[in-house]
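Accompanying notes for the structure given below.
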Amino acid sequence: MSGRSVEVLRAGALTTVQDGGRPGLAHLGVPPSGALDQAALALGNRLLGNPVDAAALETTLDGVSLRPDGDCVIVVTGAPAAVSVNGRPVAWGAAVEVPAGARLEVGPASAGLRSYVSFAGGVCVEEVLGSRSHDVLSGLGPTPLRDGDQLPLGAAPDLRPPAVDVAPHPAPPGELALTLWDGPRRDRLADEGAAALRSATWTVASASNRIGLRLEGPALTLASREELRSEGLVTGAVQVPPDGRPVIFLRDHPTTGGYPVIGVIDPSELSACAQARPGTPVRFHPRRERWVSHAARTGV
């Protein structure tokens, strides 16, 4: 650590420390966790010269206010939001210098849901099982931020990356059109359920969170309601609970479940899921191929 820290002046509705997560621990019942919008986290870290999975702050909807005790450089990515230093507007999506003692204000998201505040050197709270991420399902990792918290920062990289005029940063989705690879229980769908999967539109429910997106809309009809033994779940799994309305599991998902998993969202589309507000329309584009992870394909 560098000896520098940042004080939380306003924690916001839900602001947590998140990094690349805890992959590879599902056999211990530990979800992957980590930033829901991994692309936004990686971009912020690249703009600062950090490792792409360095820990940052993930805000939810209404932003956060902070005061560093030493000079630092920050980037705000993810959901667009007004950013200011001591009341003066500064750039979103670009490296900004924040003097010691200044108030850094990240306002409410103007679109999308989750903004990421990255610091040169990263946030250096204590690791739990190799990650600094908070997991809302199990409670692993540092607790969500509260007013008055002090967060240690790491040493800034020796060389700052070159300035860029434009960084690739997709806009938050107005709707989700999701590629759905066949899951292990795709055959549990009745014919009318399969037809609805191809043609229906759902909306993101307000009960959604870091565990998963709950969808409102047509119920998917199952060919069988025979109980299943609990089976392993992956990030992006689409499960059909008894009410027939799909749930898309995100990074704090349980590692096993007993309801049928009819498909898996393409991993490249999960960052868009992280930014989908309640009411966002959702459509599936089923692929009649079984999804296979990169690790399973390559042995890496």
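Rule-based calculations on the coordinates, nothing more; no lab input. Being a predicted model, the structure only gives us computed values, none of them experimental. Quick reminder, even Gly has a Cβ in these numbers, built from the backbone with ideal geometry, and neighbours come from all protein chains shown.
Observations on the model:
- With viscosity 1.002 mPa s and temperature 20 °C, the Kirkwood radius over alpha carbon pairs of segment 1-103 converts through Stokes-Einstein to a diffusion coefficient of 146 µm²/s.
- Local electrostatic count at Ala100 - Lys and Arg +1, Asp and Glu -1, tallied over other residues with Cβ under 12 Å: -1
- Debye intensity ratio I(q)/I(0), log10, the chain, q values 0.16 Å⁻¹ (C-alpha model): -1.23
- The calculated FRET efficiency for the pair Ala13 and Asp158, based on their C-beta separation and a Förster distance of 30 Å, comes to about 0.25.
- Interatomic Cα distance distribution for segment 130-211, bins of 10 angstrom, percent: 10, 20, 27, 25, 13, 5
- Axis angle, to the nearest 10 degrees, between helix 38-48 and the longest C-alpha principal axis of the chain: 20 degrees.
- Computed from label points 7 Å out along Cα-Cβ, the spacing between Arg88 and Arg287 is 4.9 nm.
- Taken along its principal axes, the alpha carbon cloud of segment 98-154 reaches lengths of 32, 29, 21 Å, longest axis first.
- Note: relative contact order over the chain, using C-alpha pairs below 8 Å and six or more positions apart, is 21 percent.
- Around Ala42: net Lys/Arg minus Asp/Glu count, Cβ-Cβ under 11 Å: -2
- Treating r as the C-beta distance of Ala167 and Thr256 and R0 as 35 Å, the FRET efficiency rounds to 0.35.
- Virtual spin-label span in nm between Arg245 and Asp71, 7 Å along Cα→Cβ: 5.3 nm
- Note on segment 20-69: Cα-only Rg and Dmax are 13.3, 41 Å.
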